[in-house]
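Report on the following structure.
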Amino acid sequence: MNWPATNAAILHLWAGRAEQARVELLALHQRCTERGEESDLEFITYYLVAAALALGDITTAAAHVEGGVERARITGTDLAFGTAQMTAAAFHAWVGRAEEARAAAAESMQRFQAIGMAAAQLFVVRAMGGLELSLGDARQADRVLTDLTAKVKAFGFGEPALFRFHGDAIEAKLAVGDRRQARVLLEELEQVGGALQRAWVLAVAAAAIALGSIGVRSPSAGSTLAATTTTSLSRARSS
């Protein structure tokens, strides 16, 4: 794995430069394929799917998911199956296929548990939290994302060491009326955004402040607001 190049591609994805990230990830995907680096390949595939979804390219994202699942069948390892199903769970959750997302998540968790990859399970939990929020089950989303927040802190990961989740976690807290904990998460986000000057972090924090001021009428309201604000700031920063 070319970690400097991989980290750069992921950072570009987080910064809203999805097309640049996709080009870089595709090059890494090809390199892993040529060298037979199967485990690294599935890790890259996860972010390739995220980049495709960020660009609205659901067809390509689905093809990457299917490719990962097929490779897992060939290699037959728990790591390959766990990672491929982790990616599938994130994809199905994104497009709203609840049953498929839950089935993929269950298999991924089982595979990761079998080989002791506790940190990898966090990706699956994050996908399920987002799924429950998008389905309108704020209480279940809050339970899942509260558990995720605790586990991420226990591992010592910051935001966004693995993935973005604070926005959804804050939205879920507001939706269930827990403004005190929403404020705790918001302050953490503002601290990171201010210290590291991460525009998208500050954008999500601003969206959360707005939600707290106007109240949450529907679970999708915050995601839409946060996504719109983040996209606007990312474009402004790169222009």
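The values are calculated or read from the model by the stated rules, or taken from the named source; none is laboratory data. It should be emphasised that the depicted structure is a prediction, and the values quoted were computed from it without experimental measurement. When we count neighbours, we look across all protein chains shown, and the Cβ atoms used for this are built from the backbone with ideal geometry, even at glycine.
Does region 141-158 contain at least one residue that is assigned to a loop (DSSP other than H, G, I, E, B) and at pLDDT 95 or above? Checking region 141-158: not a single residue is assigned to a loop (DSSP other than H, G, I, E, B) and at pLDDT 95 or above. Counting only residues that are surrounded by fewer than 16 Cβ atoms within 10 Å (Cβ to Cβ) and in a helix (DSSP H, G or I), region 6-59 holds 14 of them. A search for C-beta distances below 6 Å between a residue of region 104-124 that is among the acidic types (D, E) and any residue that is surrounded by 14 or more Cβ atoms within 10 Å (Cβ to Cβ), counting only pairs 6+ apart in sequence or on different chains, returns E107/Q85. Which residues, counting only those in region 63-103, are on the phi > 0 side of the Ramachandran plot and either in contact (Cβ under 8 Å) with a residue 24 or more places away in the chain or touching a Lys or Arg at 6+ places or on another chain (Cβ under 7 Å) (or both)? The one that is on the phi > 0 side of the Ramachandran plot and either in contact (Cβ under 8 Å) with a residue 24 or more places away in the chain or touching a Lys or Arg at 6+ places or on another chain (Cβ under 7 Å) (or both): G96. A residue that is β-branched (V, I, T), under 15 Å from A120 (Cβ atoms) and in contact with a helix residue (DSSP H, G or I) (Cβ under 9 Å, 6 or more places away or on another chain) occurs somewhere in region 32-45.
Looking only at residues in region 105-119 that are out of contact with any Phe, Trp or Tyr (no Cβ under 8 Å at 6 or more places or on another chain) and part of a helix (DSSP H, G or I), the one that is surrounded by the fewest Cβ atoms within 10 Å (Cβ to Cβ) is A114.
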